[in-house]
1. Is at least one residue of the stretch 108-116 out of contact with any helix residue (DSSP H, G or I) (no Cβ under 6 Å at 6 or more places or on another chain) and either under 30 Å from D238 (Cβ atoms) or modelled with pLDDT of 95 or more (or both)?
2. Report, by residue number, each residue of the stretch 380-409 that is more than 18 Å from D334 (Cβ to Cβ), open to solvent by 60 Å² or more (accessible area, probe 1.4 Å) and modelled with pLDDT of 90 or more.
3. Considering each residue of the stretch 235-269, count those that are open to solvent by less than 70 Å² (accessible area, probe 1.4 Å), within 27 Å of L134 (Cβ to Cβ) and not basic (K, R), and give that number.
4. Show me the strands (runs of 3 or more DSSP E) found entirely inside the stretch 265-372 where at least 3 residues are free of Cβ contacts under 8 Å to residues at least 60 places away in the same chain and within 28 Å of L383 (Cα to Cα).
5. Which of the residues spanning the stretch 414-439 are among the polar types (S, T, N, Q) and either surrounded by 15 or more Cβ atoms within 10 Å (Cβ to Cβ) or closer than 30 Å to S365 by Cα (or both)?
6. Select from the stretch 122-147 the residues that are within 22 Å of the chain's Cα centre (by Cα) and either under 20 Å from E17 (Cα atoms) or hydroxyl-bearing (S, T, Y) (or both) and list them in ascending order.
7. Look at the stretch 373-394 and say how many of its residues are aliphatic (A, V, I, L, M) and in a helix (DSSP H, G or I).
8. Taking the condition touching a residue at least 12 places away in the same chain (Cβ under 8 Å) and loosely packed, with under 13 Cβ neighbours inside 10 Å, does P210 pass?
Amino acid sequence: MTLKSSTDMTTTEQILEGMKKGRAMYDEVHGSLAPSETAPEAGNELCLGDNLSYMKELLERGLEGAFRLIYIDPPFFTRSSFNASVNVKDAAGASHKVHQLAYDDKFDRSLEYYIENMTVRLLMMRDLLADDGLMWIHLDWHSAHYIKLVLDELMGEKNFVNEIIWQYKSGGSGKRHFARKHDTILVYSKTPKYYIDVPKEKSYNRDRKPYRFRGVAEYKDEGGWYTLVNMKDVWSIDMVGRTSAERTGYATQKPLELMKRIVEASTEEGDLVGDFFCGSGSLPEAAHILGRRWAGCDSEMIAAAMARRRLKKAGADFRFTRLEPARPLIGRADMSILSADPLEDGRKLYKCRLADLMPDIDTGSIQMKDRAHVEDALEADRLQFADHVMIDPDYDGAFESRYIFDAGADEMSFISDGSFAVIVVDIFGKEYEAEIIQR
């Protein structure tokens, strides 16, 4: 019998084959779980690495059924690549936007491969989801109909809760179709006993005039008279605008208002939420603001760097870990120790500053039109390519970020017994183990 290639299969055959392979991969991963008795409980942590490996680690740490909310904004099977943008300055001080590849959503152009990858991850998420929890899967017209079939099979048709339509104004239009101005968010539970707190929204009266019905509370604003009703499943929320203060430069960044609505509707203060395709960190930031514990993961260095930056700016206290060793780089970073004052407990108060950075620029991932700007900026000031500095004051061979500083800070202070490690992160997310220079 001759096996069919993906290009020869029908759409239905590719979905079924992808689910079959995804289940087999899940069985293999699940069968290799090695429970840990010493691993820390999850709470406010950001991981750089493959989310499948990270979710396996969470299960090994005993966190099965621990997440009240899991939200993901995975690749949409768009068959496209997406960029993140950063700013650099030339010798004259002029700012230029530079675009670098953030992630590739091509999946070898195979629907079967896409379904396989999504199936195994959705099964792992099902294991992590609490019995009263909700899973929110953010998609668009490219793949929502495919993943709906997969979720009906994995989660059960009876556990389908909602199809949320997120409506926005941004985006293009065409002459051959109506303008595509919405995303689809599929909501599933694990059991019928899920927690949800549906918020209220305004419903304006006909002609915006008062009804004066007995027992019905009515309100008035500049738009007229209205009542409060349970929120509907079409949400009109603006995308993150080009000049918005929350904009990170990540191509597929989702607005905080959308993330907050999901978190508030699905959880209570102190609950644990997860985002395993966290990109630039919109959901973790929303969780932090609302007093929820969170765990986020992304496989792209530039995404993790942007997430760390925004979470630190928001005042979040979190662990940063990476699953794989840092990739070897040609560049280097130098940290200068300004002072090391002894303390009563035998440790020292260190003060340091970033002295130099020789970034390892991968021009192949930068758009052709922006490469000259990068070269000019490197010649003008190499240090502008440093984004932030991470310090592990008690380094034991496994780096764990305890301090995060802006790379341009005049002084970075931390307490250590001398066994510390420093990693400098550039604006593209690359990490450099810093050489320490004693002043």
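The values are calculated or read from the model by the stated rules, or taken from the named source; none is laboratory data. Quick caveat: nothing in here was measured; it's all calculated off a predicted structure. So basically every Cβ, Gly included, is an ideal-geometry build from the backbone, and we count neighbours across all protein chains shown. Each accessible area value is taken on the protein alone, full model and side chains, heavy atoms only, with ligands, DNA and RNA left out. Shrake-Rupley method; radii C 1.70, N 1.55, O 1.52, S 1.80 Å.
1. no
2. Once the filter is applied, which keeps residues that are more than 18 Å from D334 (Cβ to Cβ), open to solvent by 60 Å² or more (accessible area, probe 1.4 Å) and modelled with pLDDT of 90 or more, the stretch 380-409 yields only D394.
3. Number of matching residues: 18.
4. 348-358
5. Passing the criteria: only S416.
6. If the condition is that a residue be within 22 Å of the chain's Cα centre (by Cα) and either under 20 Å from E17 (Cα atoms) or hydroxyl-bearing (S, T, Y) (or both), then L122, L123, M124, H142, S143, A144, I147 are the ones that fit.
7. So the answer is 5.
8. Here the answer is no, as P210 does not meet what is asked.
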